[in-house]
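The values are calculated or read from the model by the stated rules, or taken from the named source; none is laboratory data. Note that the structure is predicted; figures quoted are calculated from it, not measured. Counting neighbours? That spans all protein chains shown, and the Cβs are built from the backbone with ideal geometry, glycine included.
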Amino acid sequence: MCTVFEKLCITITTCIERYVGDDNATAETLDSDGWLNTGDLCYFDSQGYLYIVDRLKEVIKYNTIKIVPAELEHLLLSNPEIIDAAVVLRIRRFAFISSIPKSATGKILRRELVNSALSVSSNAAEK
């Protein structure tokens with residue numbers, strides 16, 4: 001069975017009305033019926049439980065395929081030889097690093113990984 005991932009939208013009585021001074025953010029987050037786009041990618045299992053797997057902005061688009069980094073990380077971590085893993089967009093390249101930057105809550109800081117990869121690439125190009 002193939003898991004179908006969807007954008008998570010919610011509606012609640014205490015939902016925000018708008019972003020003050022940011023009409024674009026309001027339009028991206030709230031629709032005309034009051035649904036709030038959480039920015040999360042989720043799926044329901046066969047028993048109806050909801051699982052949030054990643055942020056939509058983290059999804060990597062390769063040709064027509066949408067790749068969820070958390071799925072690849074989970075697959076990599078199923079190998080007992082791999083201690084930790086993070087997936088970011090950097091075509092045809094992988095790197096071994098001493099540690100993965102994470103927030104205090106354990107969230108992978110993907111932007112830091114991308115910036116690190118870009119600086120390594122630019123340093124290598126200068127040599």
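Of a type in the set (A, V, I, L, M) and surrounded by 15 or more Cβ atoms within 10 Å (Cβ to Cβ), is that true of ALA117? Against the criterion (of a type in the set (A, V, I, L, M) and surrounded by 15 or more Cβ atoms within 10 Å (Cβ to Cβ)), ALA117 qualifies. If only residues of the range 68-111 that are over 18 Å from ARG55 (Cβ atoms) and among the β-branched types (Val, Ile, Thr) are counted, the one that is modelled with the lowest pLDDT is ILE91. When ILE12 is tested against (1) at pLDDT below 85; (2) of a type outside the set (Phe, Trp, Tyr); (3) surrounded by 12 or more Cβ atoms within 10 Å (Cβ to Cβ), exactly one condition is not met: (3). Look at the range 94-118: where a residue is without any contact (Cβ under 8 Å) to a residue 40 or more places away in the chain and a partner is of a type in the set (D, E, K, R), sitting 6+ places away or on another chain with Cβ atoms under 7 Å, you get ILE100/ASP84; PRO101/GLU112; ILE108/LYS102; LEU109/LYS102; ALA117/ARG90.
Residue count for the range 43-73, restricted to those that are under 11 Å from the mean Cα position of the chain (by Cα), under 13 Å from THR3 (Cα atoms) and either in a loop (DSSP other than H, G, I, E, B) or not assigned by TED's automatic domain parsing to the domain that holds PHE94 (or both): 3.
With respect to the conditions (1) surrounded by fewer than 12 Cβ atoms within 10 Å (Cβ to Cβ); (2) on the phi > 0 side of the Ramachandran plot, GLY34 falls short on a single one, namely (1).
Here TYR43 fulfils each of the conditions (1) loosely packed, with under 15 Cβ neighbours inside 10 Å; (2) under 30 Å from THR13 (Cα atoms) apart from (1).
Do we have ALA104 as surrounded by fewer than 15 Cβ atoms within 10 Å (Cβ to Cβ) and either among the basic types (Lys, Arg) or touching a helix residue (DSSP H, G or I) at 6+ places or on another chain (Cβ under 8 Å) (or both) here? Answer is no for this residue.
Sub-9 Å Cβ pairs linking a first residue in the range 1-28 that is farther than 22 Å from ARG55 by Cβ to a second residue that is loosely packed, with under 10 Cβ neighbours inside 10 Å and modelled with pLDDT of 85 or more, at least 6 apart or interchain, are MET1/SER46, ordered by first then second residue.
Filtering the range 31-54 to residues that are modelled with pLDDT of 85 or more and touching an Asp or Glu at 6+ places or on another chain (Cβ under 8 Å) leaves ASN37, ASP40, LEU41, CYS42, TYR43, TYR51, ILE52.
In the range 7-37, how many are of a type outside the set (A, V, I, L, M, F, W, C) and touching a Lys or Arg at 6+ places or on another chain (Cβ under 8 Å)?
Adding up the residues that qualify gives 2.
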